[in-house]
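Notes follow the structure.
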Amino acid sequence: MKRGILLIAAFICFACTESYSEIAGTELDDRTVQIIVTYQTRSEVFPWQGLPPKTKYGYGVFIDDTRLITTESLVRNHHVVELTKARSGTKIQAKVVMSDPQVNLALLTIDEPLNGDRKLGALDICDTVPRGANVNIVQFDETSEIQHITGKVLQTKMSVLPDAPYSALSFNILANVDVNGDGVGVLYNGSLAGIMMSYYGSSRTGSMIPYLTIKMFLDRYATKPYPGFAHAGFRWKSLLDPAKRKYLGIKDADTGILVLSCLPGTGAFDALKPQDIIIEWDGHKMDNLGFYNDPDFGRITISHLIKNKRKPNDVVKVKVIRDKKTQTVDLKLCYREDSDSLIPENVTGDKSDYIVEGGLVIREVTGSYLKALGSRWQQRINARLVSLYYDQQQEPDETDKRVVILMRVLPDPINIGYQALHNMVITHVNGKEINNLNDVADIAAKDGSIYRLTTDMLGVDIVLDKDALPEANRRIADNYRIPDLNSLR
């Protein structure tokens, strides 16, 4: 009897799944493709060397006959991008025409329409997807057949992207079957609700890049040059401490967030001051945790107002309490790249520039370099670099200021006595103060070589024999197989 009940239940479940598959997902069945990416990154420890090529897989969704969207993290560092359709092993070459790590989206194109004379037309993208909505996730199964998965929207929030240090709007999705790749399309009422960018099998939940971000990305791509997404340029913290509130002159009825610092070159640097309390942003009242009530998404943080409600160069009204007085200031939003930071993360894996002189390997610090030193990198380098990364990473004193280090010393007779030195911050080259690696290259070009380094740790300078440098450089290039000792030349 129990066996009969189980068989009936299994049959009902199977029948429901099949029936659902016949109805839902049809808008994406012919638009969903698997993406095969051959990519290569550079060695962070030996920046003149490329690492072996690798392959990764994901999905893309065609928004018209020749253009498709996927995640930026999938096509990052790509050399070759190929597409395959369901039930087909035929590969189609694709080209990445735009990618933006700040929203984790990429736009790809192919030369010929995906389905030949059978036109796809433009894909309808949702205008809204409510919390709690049932959605249909469309991917391939293990036989490369289209598979439809039932999902549900659990939460909407601003969160840090899984593969980049940027805050972005995301939907938390619960799925009844494992999602097997980034870029998987999600439907709501027959329209594109978003694409998946991460999935965790243990909780059966994943993060989706929503329709709103996709629309903004495509609209802004149509604007030349691509304007990107807005950035305000300040750090803040919640304001809950009663003693701090009293000291700043905040009334019990007032709520807001405390400005900690402002980045040079941004609108916040001109409009705000440390210790300002932002009580209203662009007409929206802030609470003490930095949230406001959004008409579309409910309670969400101020970063949504900045990144998704406005564009770079827009001017917003900001009401602040400054010196215990309320005033309104105009703040111009900007576009800011990771490379503008004192220590860029370099999540996109761009080639790191370097200079090798007499075996001294000089480069700028990036987050990717620090993390390449291992999970306990904080314990393997000097405390100065750890402090700079955690406390001042995004806050250069000047817009061109970067952290230049003596990364390592390649052993050679010319540098005996210095070969144990590594990861030391360089302040002067040949007696001249530097801000970045370009300054080092300029000094080397003007002086003919780099023969003296001053660091923030040693009590004496690192000095090389100027006359012996030309021969030593030729020897080091040969011994360590370095094709170019100065990547900036």
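The values are calculated or read from the model by the stated rules, or taken from the named source; none is laboratory data. This is a predicted model, so every value here is computed, not measured. Here Cβ is always computed from backbone atoms with ideal geometry, including for glycine, and neighbour counts include all displayed protein chains.
For segment 227-266, what are the residues that are within 31 Å of the chain's Cα centre (by Cα), farther than 16 Å from Asp287 by Cβ and aliphatic (A, V, I, L, M)?
Listed by number, the residues that qualify are Ala230, Ala232, Leu260, Leu263.
If I filter segment 292-299 for residues that are buried (at least 19 other Cβ atoms within 10 Å of the Cβ), among the aromatic types (Phe, Trp, Tyr) and under 30 Å from Met407 (Cα atoms), do I get at least one hit?
no
Hand me the list of strands (runs of 3 or more DSSP E) wholly inside segment 346-414 holding 1 or more residues that are more than 20 Å from Gln49 (Cβ to Cβ).
Working: elements: 354-357, 360-364, 404-409.
The qualifying strands (runs of 3 or more DSSP E) are 404-409.
So Arg363 clears everything in (1) at pLDDT 95 or above; (2) more than 30 Å from His79 (Cβ to Cβ); (3) surrounded by 20 or more Cβ atoms within 10 Å (Cβ to Cβ) except one condition, right? Which one?
Of (1) at pLDDT 95 or above; (2) more than 30 Å from His79 (Cβ to Cβ); (3) surrounded by 20 or more Cβ atoms within 10 Å (Cβ to Cβ), only one is false for Arg363: (2).
Can you find a residue that is more than 21 Å from the chain's Cα centre (by Cα) and of a type in the set (Lys, Arg) anywhere in segment 111-122?
yes
Taking Glu345 as the residue in question, decide whether it is in contact with a Ser or Thr (Cβ under 7 Å, 6 or more places away or on another chain), buried (at least 18 other Cβ atoms within 10 Å of the Cβ) and under 30 Å from Cys262 (Cβ atoms).
Details: in contact with a Ser or Thr (Cβ under 7 Å, 6 or more places away or on another chain): yes; buried (at least 18 other Cβ atoms within 10 Å of the Cβ): yes; under 30 Å from Cys262 (Cβ atoms): yes.
So Glu345 fits the description; yes.
Out of Ala441, Ala383, Ala468, Ala472, which single residue is in contact with a Gly (Cβ under 6 Å, 6 or more places away or on another chain) and outside the structural domain of Thr41 (by TED's automatic domain parsing)?
The unique qualifying residue is Ala472.
Of the residues in segment 50-92, how many are under 23 Å from Lys215 (Cβ atoms) and among the β-branched types (Val, Ile, Thr)?
7
Quick grid of which residues meet (1) among the acidic types (Asp, Glu); (2) surrounded by 13 or more Cβ atoms within 10 Å (Cβ to Cβ); (3) outside the structural domain of Tyr369 (by TED's automatic domain parsing); (4) in contact with a strand residue (DSSP E or B) (Cβ under 7 Å, 6 or more places away or on another chain):
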site: Pro413; (1), (2), (3), (4): no, no, no, no
site: Gln419; (1), (2), (3), (4): no, yes, no, yes
site: Met424; (1), (2), (3), (4): no, yes, no, yes
site: Asn436; (1), (2), (3), (4): no, yes, no, yes
site: Ile450; (1), (2), (3), (4): no, yes, no, yes
site: Leu464; (1), (2), (3), (4): no, yes, no, no
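Scanning for something under 28 Å from the mean Cα position of the chain (by Cα), within 30 Å of Arg235 (Cα to Cα) and modelled with pLDDT of 95 or more, does segment 133-153 turn up at least one residue?
No, segment 133-153 contains no residue that is under 28 Å from the mean Cα position of the chain (by Cα), within 30 Å of Arg235 (Cα to Cα) and modelled with pLDDT of 95 or more.
Being of a type in the set (S, T, N, Q), touching a residue at least 40 places away in the same chain (Cβ under 8 Å), assigned to a loop (DSSP other than H, G, I, E, B) and more than 22 Å from Arg204 (Cα to Cα) is the requirement here; does Thr128 meet it?
Yes; evaluated as a whole, the condition is true for this residue.
Does segment 54-72 contain at least one residue that is out of contact with any Cys (no Cβ under 9 Å at 6 or more places or on another chain) and under 30 Å from Gly359 (Cβ atoms)?
So far as segment 54-72 goes, no, none of its residues is out of contact with any Cys (no Cβ under 9 Å at 6 or more places or on another chain) and under 30 Å from Gly359 (Cβ atoms).
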